[in-house]
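The values are calculated or read from the model by the stated rules, or taken from the named source; none is laboratory data. Every value quoted in this text rests on a predicted model; they were computed, and no experiment measured them. Here the Cβ is made from the backbone with ideal geometry for all residues, glycine too, and neighbour counts use every protein chain on show.
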Amino acid sequence: MAGVMLLSGCAATHTAINKRELAVSTKMSDTIFLDPVPLDEQVVYVQLRNTSDHQEIDIETSVISAIEAKGYEVTRDLDDAQFLIQANVLQIGETDLRDASQAVGAGYGAALTGAALGGTYVGGGSGRVGTAIAGALIGAAADAMVKDVKFSMITDVRVSARVDDGITVTEQNQANLSQGSSGTRSVQSTSATEWQRYDTRIASVANKMNLDFEEALPELEQGLTDAISGLL
């Protein structure tokens with residue numbers, strides 16, 4: 001029991017020391033390179049969506065401001081745009097590094113998965129088991145006071161660049177749709193477009209001891225804003 005108490009105390013102290021400052025990191029699943037264009041063609045159409053649980057969060061204003069700060073014009077007329085930026089915020093909330101790494105590693109369009117939670121059964125009536133339970137309770141109390149908390153914001157982003165006159169881009173799309181519980185239907189289509197499209201996934205993670213959502217959210221929004229505007 002004394003050993004458990006000591007180890008719990010050391011773990012809590014380690015977290016308190018190493019996670020006392022807010023740390024934010026932003027990663028992208030795929031690098032996107034856009035060819036430079038003349039100043040009069042630096043026009044962008046922005047379309048941002050949020051399908052996460054936090055519908056009250058709107059990053060469009062900050063993204064548009066960051067793009068304009070780089071010298072680009074943001075238009076509401078798609079016919080005037082040389083670039084099209086589309087983004088959908090998929091997830092905002094508490095996470096762990098494994099989930100965030102898996103999400104960004106899976107890339108654009110992949111499903112999000114959460115870490116499985118497991119438990120250990122403790123039985124018997126010996127004094128040693130009782131001591132182990134007491135030590136575990138002490139460790140749990142220490143962990144409850146000093147928690148290593150992480151929040152993430154995961155976003156799928158598509159950037160499209162208008163091709164030059166005389167160039168046509170051919171897109172091939174395939175979708176496998178469920179038909180009830182026992183069948184699927186495959187749908188294929190080919191279309192011509194004037195846009196060259198690039199897809200990526202962006203994950204921003206905020207980490208700090210006893211971090212709360214209100215403190216993490218502005219930093220997550222800033223990480224995503226910088227990443228999207230940095231594509232131009």
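So, in segment 84-100, of the ones that are in contact (Cβ under 8 Å) with a residue 60 or more places away in the chain and assigned to a helix (DSSP H, G or I), which residue ends up farthest from VAL157 (Cα to Cα)? Step by step, filter segment 84-100, then rank; the result is LEU97.
Any chance segment 176-192 includes a residue that's surrounded by 13 or more Cβ atoms within 10 Å (Cβ to Cβ) and not basic (Lys, Arg)? Among the residues of segment 176-192, not one is surrounded by 13 or more Cβ atoms within 10 Å (Cβ to Cβ) and not basic (Lys, Arg), which makes the answer no. Looking across segment 4-37, the residues that are exposed (fewer than 14 other Cβ atoms within 10 Å of the Cβ), at pLDDT below 85 and among the polar types (S, T, N, Q) come down to THR13, ASN18.
Residues in segment 186-208 that are in contact (Cβ under 8 Å) with a residue 24 or more places away in the chain and over 20 Å from the mean Cα position of the chain (by Cα) were compared, and the one that is farthest from GLN222 (Cα to Cα) is ALA192. Within segment 57-83, residues that are on the phi > 0 side of the Ramachandran plot have Cβ atoms under 9 Å from residues that are assigned to a loop (DSSP other than H, G, I, E, B) and at pLDDT 95 or above in these pairs: GLY71/GLN42, counting only partners at least 6 apart in sequence or on another chain. Scan segment 144-179 residue by residue and report those that are farther than 30 Å from LEU22 by Cα and outside any strand (DSSP E or B). VAL163, ASP164, ASP165, GLY166, ILE167, THR168 - these are the residues of segment 144-179 that are farther than 30 Å from LEU22 by Cα and outside any strand (DSSP E or B). Test VAL74 against the criterion of being outside any helix (DSSP H, G or I), β-branched (Val, Ile, Thr) and more than 21 Å from ALA206 (Cβ to Cβ), and give yes or no. Answer is yes for this residue.
For segment 33-66, give me the residue count where each residue is under 30 Å from GLU94 (Cα atoms), aliphatic (A, V, I, L, M) and in a loop (DSSP other than H, G, I, E, B). Of the residues in segment 33-66, 2 are under 30 Å from GLU94 (Cα atoms), aliphatic (A, V, I, L, M) and in a loop (DSSP other than H, G, I, E, B).
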